[in-house]
Amino acid sequence: MLVQSLSKQHQRTAFDCGNNALNHYLQTTARQHQNKGIARTYVLINEATPEKILAYMTLTVCEVVSECLPVELMKKYPQRIPAAKLARLAVDISFQRQGLGEYLVVEALAKTLSVYETMGLVGLLVDAKHDDAKQYYLQFGFQAAPDQLANLFMPIKAIQQYLSG
């Protein structure tokens, strides 16, 4: 398995994760966002068939309002703080339930830590679109904020602990 930045060589139209919005983003918007510097999309491939996308994730930066953080973090920071955002994560139907999503989440955590070490940010934010997604991200150590059903956050300290453990 290899994680690469999305490029022309990758067959975006063949990707199907079972979610039309995630498929559409990869097929029509991801490269545009990458070219404009809005977001970075990374694809997980098998080195034997490097054009076939097994899974993908999109990372970007965002500004988080401290009230959207878990209570114990809310008081630690000023009102608006920089964070990384895992904007999209999808695995092709043919490869689901094989640990590829977890592989990309760990990659997202590592990339977030790398940005933190160069520029500074407070953690990684993800919007869990449904309860199954929320439960999935909670297992990695993401935390829910009060009154924020979809927003989950993992502070840098937790990322460091997760990656070192």
So what are the range 67-149's ellipsoid semi-axes, whole angstrom, largest first, if each one is the square root of 5 times an eigenvalue of the alpha-carbon gyration tensor? 24, 17, 9
With unit charges on the beta carbon (Lys/Arg positive, Asp/Glu negative), name the residue among Leu69, Gln139, Gln34 whose Cα is farthest towards the positive pole of the charge dipole of the chain. Gln34
Put +1 on the Cβ of every Lys and Arg and -1 on every Asp and Glu Cβ in the range 2-164; which of Ala84, Gln96, Thr118 then has its Cα farthest towards the positive end of the dipole? Thr118
Which peptide among 99-111, 72-84 comes first, and what is the full order, when sorted by highest mean count of other Cβ atoms within 10 Å? 99-111, 72-84
For the chain, diffusion coefficient by Stokes-Einstein and Kirkwood Rh (Cα), 25 °C, 0.890 mPa s, µm²/s: 150 µm²/s
Tilt, helix 100-118 to longest principal axis of the chain (alpha-carbon atoms), in degrees rounded to tens, equals 50 degrees
Highest GNM mean-square fluctuation, the chain, Cα pairs closer than 10 Å: which of Ala30, Ala55, Ala150? Ala150
Is there a quick way to get the dipole size of the range 12-90? I mean about its Cα centre, with the Cβ of Lys and Arg at +1 and of Asp and Glu at -1; what is the value in debye to the nearest 20? 220 debye
Magnitude of the Cβ-charge dipole (Lys and Arg +1, Asp and Glu -1) of the chain about the Cα centre, nearest 20 debye, reported as 400 debye
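Rule-based calculations on the coordinates, nothing more; no lab input. All figures in this text were calculated on a predicted structure; none of them were measured in a lab. Counting neighbours? That spans all protein chains shown, and the Cβs are built from the backbone with ideal geometry, glycine included.
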